[in-house]
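One structure is given here, and the rest of the page talks about it.
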Amino acid sequence: MADQKNTLIVGASRGLGLGLVETFLKRGWRVTATERSPSQGLAALASPALTVATADIDDDAAVAALHQRLSGQSFDLIFVVAGVATQAHEPLHAVPRDVAAQVYLTNAISPVRFAEAFLDRLSQNGLVAFMSSILGSVGLNEAGGWENYRASKAALNTLARSFEIRHREAGFGVVLMHPGWVRTEMGGADADIDVPTSVTGMTDVLEGHLGQTGCVYVDYTGKTLDW
Ligand SMILES: NC(=O)c1ccc[n+]([C@@H]2O[C@H](COP(=O)([O-])OP(=O)(O)OC[C@H]3O[C@@H](n4cnc5c(N)ncnc54)[C@H](OP(=O)(O)O)[C@@H]3O)[C@@H](O)[C@H]2O)c1
């Protein structure tokens, strides 16, 4: 298809990333999905429209190798979904420094560094999306809890805004996405919504944002969130 859209979904072995891959494929997109180790879920989606590649976003050499492997490709949407919630239930002082720092690296630093490395693979007027969380909102933090995870997503929001401002002349858009509270390994069994509800909503929102510029912080229904 000449006008087939092309997306790169980073962190797609399971959970929301895997659900997004399935949804974009169903909607006729070409998809490159990344995993860290072989994913049964991605293997089950095998199709000519799907390319599976390997990358750990915390590993600069692995990101550079992926960038090289995907040379010649141009993506309408690059969505960095990968994230961790290690010891998220513990108050900050109870989380070892190296664990807290690793959460910050994976959730805030690595996604934006990944986007920077792949900017030359983004289509004209393309979209960069980062998986944030409503827990990253400073203004909406009335309940506390998930302290280090919250801070990592707040940092992601701040870094993504600065990234968009720094590249504003380039004409692409940035979406910081809250997927809802979703029943995945991270979200747990008591979460509000299932993966299909979240990924269908996110895909609708992202398709609606294609071609738009600026930086928005929205949820899977398209609602704008307070910073
Ligand atoms: N579930 C929710 O309610 C919820 C709410 C708000 C935000 N989020 C965010 O949504 C994203 C996905 O969450 P999920 O619920 O789908 O969690 P999940 O089921 O735990 O999946 C996490 C995904 O991230 C990948 N990943 C982790 N660290 C990575 C790294 N260094 N490099 C590459 N991939 C890495 C994992 O790969 P492996 O399989 O290799 O570990 C896995 O594919 C996260 O950013 C999370 O913070 C989730």
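None of the figures in this text is laboratory data; all of them are computed from the coordinates on show. Keep in mind it's a predicted model, so treat the numbers as computed, not measured. Neighbour counts run over all protein chains shown; Cβ positions are idealised from the backbone, glycine included.
Before moving on, here are some points about what is shown:
- Fraction of antiparallel bridges per DSSP, the chain only, in percent to nearest 5: 5 percent
- Between the range 148-227 and the range 16-78, the alpha-carbon centres lie 19 Å apart.
- Bridging of K223 to lysines at a Cα separation below 21 Å is possible for K153, once same-chain residues fewer than 8 apart are set aside.
- Scaling against 2.2 N^0.38 Å puts the C-alpha radius of gyration of the range 79-172 at 1.16.
- Label-to-label distance for D190 and Q212 is 3.4 nm, based on points extended 7 Å past Cα in the beta-carbon direction.
- Signed unit charges on C-beta, dipole axis of the chain, positive-most listed residue W146, A49, G83: A49
- Range of Cα positions in the range 1-119 per principal axis (Å), largest first: 54, 26, 21
- In the range 6-219, one over the average inverse separation of all distinct C-alpha pairs is 17.3 Å, which is the Kirkwood hydrodynamic radius.
- Length available on full extension from N125 to S162: 0.36 nm per residue minus the Cα-Cα distance, which gives 11.5 nm.
- The stretch between W227 and K26, if pulled fully straight at 0.36 nm per residue, gains 69.1 nm over its current Cα-Cα span.
- Simple label model, 7 Å out from Cα along Cβ direction - D204 to A43, nm: 3.5 nm
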